[in-house]
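Only the coordinates and a few stated rules stand behind these numbers; no lab work does. Since this is a predicted model, take the numbers as computed values, not measurements. We place every Cβ from the backbone using ideal geometry, glycine too, and count neighbours over all the protein chains shown.
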Amino acid sequence: MKDNVFVPVEATVGAPKVKLINEGETLHNLSVEGESVDFDVQPGETETEALRLSPGSYTMFCKYHRKQGMEGTLT
């Protein structure tokens, strides 16, 4: 996560856990559209979170910066 962008914009996760690194200067979030995924990550922090999703492609977004274009695809 960087300010108002996910890097990469298209992420593929093969394990049930995902490592979230906020390299931005503000609070960011990983949410998944239509799912119960909602993780906040403070600036400069790293979080490892469990994803309980069925295999497939999902729209991920930052609930704080989606209007600024912070969204992508999680597979």
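Numbers for the structure displayed
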item	result
For Val13, residues with placed amide H under 5 Å, excluding near neighbours	Thr75
Karplus (6.51, -1.76, 1.60) ³J(HN,Hα), θ = phi - 60°, over the range 49-65, in Hz, Gly and Pro reported as x	10, 8, 9, 10, 10, 5, x, x, 10, 9, 8, 9, 7, 9, 5, 8, 10
Zone of Thr73's modelled label, taken as backbone nitrogen in the range 4-28 under 13 Å from a point 7 Å along Cα→Cβ	9-13
Net charge of neighbours whose Cβ lies under 10 Å from the Cβ of Thr46, counting Lys and Arg as +1 and Asp and Glu as -1	-2
Selected from Val41, Val18, Val32 as most flexible by GNM, with the chain as the system and alpha-carbon contacts under 10 Å	Val18
Sites matching chymotrypsin sites (Phe, Trp or Tyr not before Pro) across the range 37-75 that sit in DSSP coil, with at most 15 neighbouring C-beta atoms within 10 Å	Tyr64
Volume per residue that the Cα convex hull of the chain spans, once the total is divided by residue count, Å³	74 Å³
Sites Glu35 and Asp3 - FRET efficiency at Förster radius 30 Å, r taken between beta-carbons, to 0.05	0.80
Selection from Pro43, Phe61, Val13, by position along the positive dipole direction of the chain (Cβ)	Val13
